[in-house]
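Student: Following this message is one structure expressed as structure tokens.
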Amino acid sequence: MATKIHVGMETEMNGNGVPDEKVYNWKKRMHDFSGKVKRFPGWLWRTIWKVGREDPRRMIHAFKVGLSLTLVSLLYLMEPLFKGIGQNAIWAVMTVVVVLEFTAGATLCKGLNRGLGTLLAGSLAFFIEFIANKSGKVFRAVFIGAAVFFIGTAATYMRFFPYIKKNYDYGVVIFLLTFNLITVSSYRVENVLKIAHDRFYTIAIGCAICLFMSILVFPIWSGEDLHNSTVGKLEGLAKSIEACVNEYFDDSHEVKKEKQDQSSEDPIYKGYKAVLDSKSIDETLALYASWEPRHSRHCYRFPWQQYVKVGAVLRQFGYTVVALHGCLQTEIQTPRSVRALFKDPCIRLAGEVTKVLRELANSMRNHRHCSPEILSDHLHEALQDLNTAIKSQPRLFLGSKSNQATNMLALAAEHAARHNNNKQEKLGHHGVSLSSVKTDSSALMEWKSKRVISEQTKENERKVLRPQLSKIAITSLEFSEALPFAAFASLLVEIVARLDNVIEEVEELGRIGCYKEYNPDAEEIVVKCEKPPVDVTKNHLPSHAG
């Protein structure tokens, strides 16, 4: 080994003049890279298996897209089809890639929008070309430019209309694209009618393949996804409430809190997370479901917008569950001895609430009305038991007024005396410094700097003492031990109060959706169908939707 000295530094060099440290780092990076390459196949296989296990329909959809692309590629691979359509066959491939979605409703929405937009754009472009051909070449160019400007402006402005944006936004985009391509290219191409025909035929072929695959080959319905997600949200809220109350009264809660990070791993959080994040998903699924045909056994018209209303009520209900979960993570907690006094009525009340939520979920899953005894006497008895338990311990919630006043007065006097002593000490210190101010300019600068520092110190003490004072005051009050539990019990009662809104919306869904009547023996199906309100069917469900 040789030693090279450069600018006062010594570096060990190998035989080739390369530092040993760089060689070691290079070998280490190569070793890490080779390890990642070896682990990549296993990681890839685990990812593929996990994605498919979460929802097996993803694999079915992937095969459907692959088969659709193979079928549409025959327009290029088969000589007779290629001669009839030509290079425009690429539009069929593009249509399959863009239109074929995961659910049948999404495919219908995009496919029909694309076909309708192409048809209208081709017809309008042909009409513009027919008028432009009657004039000279210069006027023709001006006329085409003006038509592109006005049609583009009007169509873009229409996209801001709420109904158009919600249902036909993609169709307007395709209309603009097709209209501009045909109209502008017609200035240089003689037979614009053939361009419009070929474009429409290829897109129609692509849309037909997509609709065939979505509706007839292992269909995936947006309505079923919306229905199942609503049922899952009810069950998730029930699990969250039950787990939250059990954990609140669990003696090992403190140990669990230290070991478990309060994140998505928390089962309580997982129960209501889907409810809070469901607004955009529910609205999208309801829109796509409104495009789907009636594929149920009785071919009833399902009120998909009512599912959106149920989701909104569940989100309001979920906010209370979030607040209830927050009681487990507050800084000031009620002692275990105090919680034990109210453990049984709270757990019983939470159990009755979860029973109601699970009954609502089962009724929606089986498309039947709720049990008439969904709000049984047990729920009211649990509320009365909790009320009786709270009234039996008035001292915990009201406390002793004399003790409260004595504690507060003593605390205030102690704090005032401490504050006055600190103030006198600082004033005396400033007085000593002040005696030398008139004799020395440096002493003047030092005094000013100390004054600024003392003011900052006083401000910091003021900011620090107030939280300490409030914390001491809270712990000195007798009712502070039961105050966190009072918040917990209040939220639990609020959950019971909001339960009526959930039941009302679910029952309205069953009435409009023609759910079968509740039959405990389940020997016969009695369907009670009432005509849904006009605003539900006309304003939210298109006439061609199911």
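Student: Kindly establish whether T47 is at pLDDT 85 or above, outside the structural domain of I203 (by the TED database), of a type in the set (V, I, T) and surrounded by 10 or more Cβ atoms within 10 Å (Cβ to Cβ).
Tutor: Working: at pLDDT 85 or above: yes; outside the structural domain of I203 (by the TED database): yes; of a type in the set (V, I, T): yes; surrounded by 10 or more Cβ atoms within 10 Å (Cβ to Cβ): yes.
Taking the combined requirement at face value, the residue satisfies it.
Student: Whether any residue in the stretch 4-22 is in contact with a Gly (Cβ under 9 Å, 6 or more places away or on another chain), open to solvent by 100 Å² or more (accessible area, probe 1.4 Å) and either in a strand (DSSP E or B) or at pLDDT below 85 (or both) is what I want to check. Outline the logic, then answer.
Tutor: In the first step, residues of the stretch 4-22 are kept if they are in contact with a Gly (Cβ under 9 Å, 6 or more places away or on another chain); the result is 4.
Among the residues that remain, those that are also open to solvent by 100 Å² or more (accessible area, probe 1.4 Å) are: 4.
Imposing the further condition that a residue be either in a strand (DSSP E or B) or at pLDDT below 85 (or both) reduces the set to 4.
Yes, some residue in the stretch 4-22 is in contact with a Gly (Cβ under 9 Å, 6 or more places away or on another chain), open to solvent by 100 Å² or more (accessible area, probe 1.4 Å) and either in a strand (DSSP E or B) or at pLDDT below 85 (or both).
Student: Restricting to the stretch 151-178, name every residue that is outside any helix (DSSP H, G or I) and without any contact (Cβ under 8 Å) to a residue 12 or more places away in the chain. Talk me through it step by step, then tell me what you get.
Tutor: We begin by selecting, within the stretch 151-178, every residue outside any helix (DSSP H, G or I); these are 159-161, 168.
Those that are outside any helix (DSSP H, G or I) and without any contact (Cβ under 8 Å) to a residue 12 or more places away in the chain: F160, F161.
A quick yes/no check of all residues on (1) in contact with a helix residue (DSSP H, G or I) (Cβ under 9 Å, 6 or more places away or on another chain); (2) on the phi > 0 side of the Ramachandran plot; (3) at pLDDT below 90; (4) in a helix (DSSP H, G or I):
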| site | (1), (2), (3), (4) |
| --- | --- |
| G66 | no, no, no, yes |
| N88 | yes, no, yes, yes |
| A106 | yes, no, no, yes |
| L120 | yes, no, no, yes |
| S135 | yes, no, yes, no |
| I144 | yes, no, yes, yes |
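Student: Going by the structure shown, is R58 surrounded by fewer than 11 Cβ atoms within 10 Å (Cβ to Cβ) and either in a loop (DSSP other than H, G, I, E, B) or not β-branched (V, I, T) (or both)? Quick ask: steps written out before the conclusion?
Tutor: Numbers: surrounded by fewer than 11 Cβ atoms within 10 Å (Cβ to Cβ): no; either in a loop (DSSP other than H, G, I, E, B) or not β-branched (V, I, T) (or both): yes.
Answer is no for this residue.
Student: Please work out which residue is modelled with the highest pLDDT, limiting yourself to the stretch 261-292 and to residues that are open to solvent by 60 Å² or more (accessible area, probe 1.4 Å) and part of a loop (DSSP other than H, G, I, E, B).
Tutor: D277
Student: Something else about it: For the list (1) at pLDDT below 90; (2) not assigned by the TED database to the domain that holds F302, I need the number of the one condition that I209 fails.
Tutor: (1)
Student: While we're here: So for the stretch 127-144 (the condition being closer than 30 Å to P303 by Cβ, open to solvent by 30 Å² or more (accessible area, probe 1.4 Å) and touching a residue at least 24 places away in the same chain (Cβ under 8 Å)), does at least one residue qualify? Outline the logic, then answer.
Tutor: To start, the set of residues in the stretch 127-144 that are closer than 30 Å to P303 by Cβ comprises none.
The answer is no; no qualifying residue exists.
The values are calculated or read from the model by the stated rules, or taken from the named source; none is laboratory data. Because the structure is predicted, anything quoted here is derived from the model rather than measured. Glycine gets a Cβ as well: all are built from the backbone with ideal geometry, and neighbour counts include every protein chain shown. These accessible areas exclude ligands, DNA and RNA; they are computed on the full protein's heavy atoms, side chains included. Shrake-Rupley method; radii C 1.70, N 1.55, O 1.52, S 1.80 Å.
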